[in-house]
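Each remark here refers to the structure printed beneath this line.
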Amino acid sequence: MSGWLGLLRSLVVYWRPGRQRALKRLYRPLVGTGDLVFDVGAHLGDRTAAFAALGARVVALEPQPAVRRWLERIVGLSERVTVSGEAVGRTVGTARLAVSKRTPTLSTLADDWRAKMPEANPTFRNVRWEETVEVPVTTLDALIERYGVPRFCKIDVEGYEAEVLAGLSEPVPGLSVEFVSGGLEVAVACVRRLEALGSYEFNAIRGERRTFLFDGWQTGESMARWLRDGAGGASSGDVYARLATGHHA
């Protein structure tokens, strides 16, 4: 029963009226017609739908079996969307996904992150991961070999973001990675990895808002410092990165 309630909660949160319009406005400068997008941790496909509505081809990756079935129903019928049950990580293989039935958005492959977050972040205090399930794991490099280089890659995988980027060996034009208070070192590691891959500049969005925090895009050092200093007190959000020499619509 808790699994159904968790999915219902996600449907209410991520498919509430007006959300798609706001998402399309956010992503329009980053994604256009004919572009390829990887949605890593697609959940119930709200961002996948926004990318597809902007004309992009989307590979939506969601390893949770129950969530993926809903993802396929909601966005999988679109000719622009390919749904995959793979997780994404450092190497190709399999891994055990810890599943939170009550809060499926917090299911994770990151064992250390899962162990620390209930104490590190008050919003995680009542989160429980009731079971684990073995899932196939691919890499961003393998996805690029299969589908091509994405124009944008959204990564929201509950503390596993740095492991996802460890499986990428070439720069892509744009990315976003989630950050969460109590686990900000993961986002710092992502910034450092991207700096090693290419000449990126960075911005951030607090929580589920749709506007960037900084008027100008930041250097990697500035973004890492902001994260290390507590991300302005934000409980969560996303760090965005774009190649400084890329096309900025």
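Every number here is computed from the coordinates shown, using simple stated rules; none is lab data. Just so it is clear, the model here is predicted, and its values are computed rather than measured. FYI the Cβ positions are ideal-geometry reconstructions off the backbone, even for glycines, and counts take in every protein chain you see.
Residues 226, 217, arranged from fewest to most other Cβ atoms within 10 angstrom of their Cβ, appear as 217, 226. Distance between the modelled labels on residue 22 and residue 126, one decimal in nanometres: 2.3 nm (7 Å Cα→Cβ projection).
Counting Cα-Cα pairs of the chain in 10 Å increments starting at 0 gives whole-percent bin shares of 8, 33, 41, 18, 1. Using alpha-carbon positions, what is the distance between the centroids of segment 37-98 and segment 113-138, in Å? When both Cα centres are located, 20 Å separates them. Counting Lys and Arg as +1 and Asp and Glu as -1 over every other residue whose Cβ lies under 11 Å from the Cβ of residue 94, the net charge comes to -1.
Once you keep just the Cα pairs under 8 angstrom separated by 6 or more residues, what percentage relative contact order results for the chain?
With pairs under 8 Å counted, the relative contact order is 17 percent.
For residue 24, list the lysines whose Cα falls under 30 Å from its own Cα; do not include residues on the same chain fewer than 8 positions away. Result set, ordered by chain and number: 101, 154. Spin-label model, residue 96/residue 69: points 7 Å from Cα along the beta carbon direction are separated by 2.4 nm.
Our estimate of slack between residue 112 and residue 213, defined as 0.36 nm per intervening residue step minus the Cα-Cα distance, is 33.5 nm. Note on segment 98-163: Rg/Rh from Cα positions, Kirkwood definition for Rh, rounded to two decimals, is 1.05. Using the Cβ of residue 76 as centre and a radius below 15 Å, the other residues enclosed give a net charge of 0, where K and R count +1 and D and E count -1. The slack in the chain from residue 146 to residue 33, taken as 0.36 nm per residue of separation less the alpha-carbon distance, amounts to 38.7 nm.
Residue 224: net charge of surrounding residues, Cβ under 12 Å, Lys/Arg +1, Asp/Glu -1, itself excluded?
With Lys, Arg at +1 and Asp, Glu at -1, the neighbours total 0.
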